[in-house]
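The values are calculated or read from the model by the stated rules, or taken from the named source; none is laboratory data. For clarity, every value in this text was computed on a predicted model and none was experimentally measured. Note: ideal-geometry Cβ built from the backbone for every residue, glycine included; neighbour counts use all protein chains shown. For accessibility, only protein heavy atoms count, side chains too; no ligands or nucleic acids. Shrake-Rupley method; radii C 1.70, N 1.55, O 1.52, S 1.80 Å.
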Amino acid sequence: MNLQTLFKITAIASALALAGCGGDIEVNPTVNDNSVNNSNNSSGGGETPTDPTGDNLCASYNGLQGAFDGRDCEYNLEFASRNVEITEDITFAELPDGGVHVFDGALLIGEDCDTTTTCTINETGPVVTVEPGATLAFTSGEAIVRVARGAKLNAIGTFAKPVTFTSANAFTRFDVVGNGPRFADWGGIIVNGQGITNQCTDAQRDANTCNVSSEGIVSYYGGNDNADDSGSMKYAKIWYAGSGPRAGGDGDDLNSLTLNAVGSGSSYEYVHIHQGYDDGIEFFGGAANVKRVVFTDTQDDSMDIDAGWQGNAQFLYIKHGTVNVDGTDVFMGNGGFEADGEKNSGPEYSQAPTSRPTIANVTVVTTDGLSTRDNDLSTAMKFDDNFQGQLYNFLLVKDDVATNDTRCILFTGDGELGVVADGLDFFSSAMACVAENEFTSAALLPDGSTHQEWFDNGGLNARLGGNATVFAADGFATDMTSADITVTADDLSALGNDYFETVDYIGAVSSDDTSSEWYQWVEAALAAAEQD
């Protein structure tokens, strides 16, 4: 896409998405490296340009400050890198005239700690605050935002002024190659919490020696507090992040947003994740809550659940599609969900049960394409490793011909264990899919019931077929007046969980909801993705 189009999209969608940091990163060369050398910029001492009022508007800590050129703030490797851990509170404000905060390297918030050594976790660690309208842009695949245990990332925008984490290539003045922004331009955001993950034994948690190594960097997460607070995000956009192996390649998988054992004290609401090269959000245990999130053209899985996540989620819109790479349209998207239950199980892990979230009001729209990253299938739901969950008001859509054998629901490995344990169920949900799932009449349960009977759940759910009309004229909001939709929404009031809002529709968005911020958030996100 050209950059003039990008700025039009930005006006439509209100902003791009903010970016993050990391530690000692082992990123394969398949990650784009578009570093800008700002080594001559002043980040502590010397003359720094200021705005006409004489103020340097850049963030600062411990005597270091970014270099302000009258529009943008640039932070060199002395200010932030994989070798620098920021241990003081720091704030990134909105800059006037479309200015952005630009980073050459990783942004590490708080001191990482392996509790089997002499260090201790700083329970009142630093807080990084990203104010409404602020944009953080990153110049290379090494640039990862990493939040240590005990520290916090609070990126809270408004509907009119979201916060943005994005590629520096989204701006012509930083795009040294001239190709525009693309997936894997920067590394994404990693938040390390102290929640419960079945990657640690009970004995390790009891001894305060649960230290799981995060993907992509040398940093640690895990503990015994599923109410842990690692900060929150609201009205935020995360674009062009992540990394990972292309077909046959090596490399770490870095997600747009990784929530490592993050507890329920943290929440993520009104987020748009676009063109991430690995997963959109990946949970490794914990109990963080998410609400009103849009995923567009995420290359691997949009929601990747693992290691015992116990959180809640409501209003998720997931759409697989295509992006143009060097003049060729390529497919993006493997799983709408990759839902894994446990890394480990047995008596030694009794404190950390399998993943069992409650998730409601989800729309997943898949394609029949094979992804550009690994040639894998576009699938709405993949279940593995004894995943269990209570899933309400889902709408799964696949109206392509399915010549590539893509499926709506796929069980892999030990995915059926959750069903056998009576822990995985859909309620008030519909599949409008050419290919519903991988089974036709094979018995699943000891009573001889089939996969179709499991999904139908005594008539609570329905399989509508690939030609069903489920969306209104806008192409994304559920049209509950359609004669093809034969299920009644669960209003969710019986859950007894205040997190869930009462609804009268299946899917993520209602066609009767056009004046709401959520409808407009989805509408803008899909319009931006369509142009990209």
DSSP beta bridges in segment 378-532 [antiparallel fraction, %, rounded to 5]
10
Out of the DSSP beta bridges found with both residues in segment 297-400, what percent are antiparallel (nearest 5)?
20
What net charge is computed for the residues neighbouring Phe295, neighbours being all others with C-beta under 10 Å from the C-beta of Phe295, Lys and Arg scored +1, Asp and Glu -1?
-2
The set of residues whose placed amide H lies less than 5 Å from the amide H of Val325, leaving out same-chain residues fewer than 5 positions away, is Val330
Can you pull the three principal axis extents for the Cα set of segment 405-532, in Å, largest first?
49, 39, 29
Pull up the cross-link candidates among the lysines for Lys234, meaning alpha carbon to alpha carbon under 19 Å and not fewer than 8 places away within one chain.
Lys152, Lys161, Lys291
Whole-percent carbon and sulfur share, accessible surface of the chain, 1.4 Å:
43
Based solely on its DSSP helices, what 222 nm [θ] is calculated for the chain when runs of n ≥ 4 H residues each add -39,500 (n - 2.57) and the sum is averaged over all residues, nearest 500 deg cm²/dmol?
-2000 deg cm²/dmol
Which value, in debye to the nearest 20, gives the size of the charge dipole of segment 103-147 about its Cα centre, when Lys and Arg are +1 and Asp and Glu are -1 at the Cβ?
100
Measuring with a 1.4 Å probe in the full set of protein chains, what accessible area per residue, in whole Å², belongs to segment 485-525?
48
Given (1) 0.97; (2) 1.01; (3) 1.10, which label gives Rg/Rh (Cα atoms, Kirkwood Rh) as computed from the coordinates?
(1)
So for the chain: antiparallel DSSP bridges make up what percent, rounded to the nearest 5?
15
Contour minus Cα-Cα span, Thr450 to Ala421, at 0.36 nm per residue, comes to 8.9 nm
Roughly how many Å² is the accessible area per residue of segment 316-410, as a whole number, for a 1.4 Å probe?
32
Cross-link reach list, lysines versus Lys398, counting only Cα pairs under 23 Å and skipping chain neighbours closer than eight places
Lys319, Lys382
Roll a 1.4 Å probe over the protein chains and send me the accessible area per residue for segment 123-199 in Å².
25
What do you get for the angle between helix 3-13 and the principal long axis of the chain? Use alpha-carbon atoms, 0 to 90 degrees, nearest ten.
60
Can you tally the net charge around Cys119? Count Lys and Arg as +1, Asp and Glu as -1, for every other residue whose Cβ sits under 14 Å from the Cβ of Cys119.
-4
Per the C-alpha gyration tensor (a ≥ b ≥ c, the square roots of its eigenvalues), segment 182-242 is rounded if a/c is under 1.5, else prolate if a/b beats b/c, else oblate; here it's oblate
Rounding to the nearest 20 debye, state how big the charge dipole of the chain is about its Cα centre with +1 on each Lys and Arg Cβ and -1 on each Asp and Glu Cβ.
700
In the chain, if the dipole is taken from +1 on Lys/Arg beta carbons and -1 on Asp/Glu beta carbons about the Cα centre, which of Gly286, Leu495, Ala93 is farthest to the positive end?
Ala93
Taking H as built 1.01 Å from N, whose amide H comes closer than 5 Å to the amide H of Asp104, not counting residues under 5 places away?
Tyr75
Cβ-placed point charges (K, R +1; D, E -1), dipole of segment 159-264 about Cα centre in debye, nearest 20
600
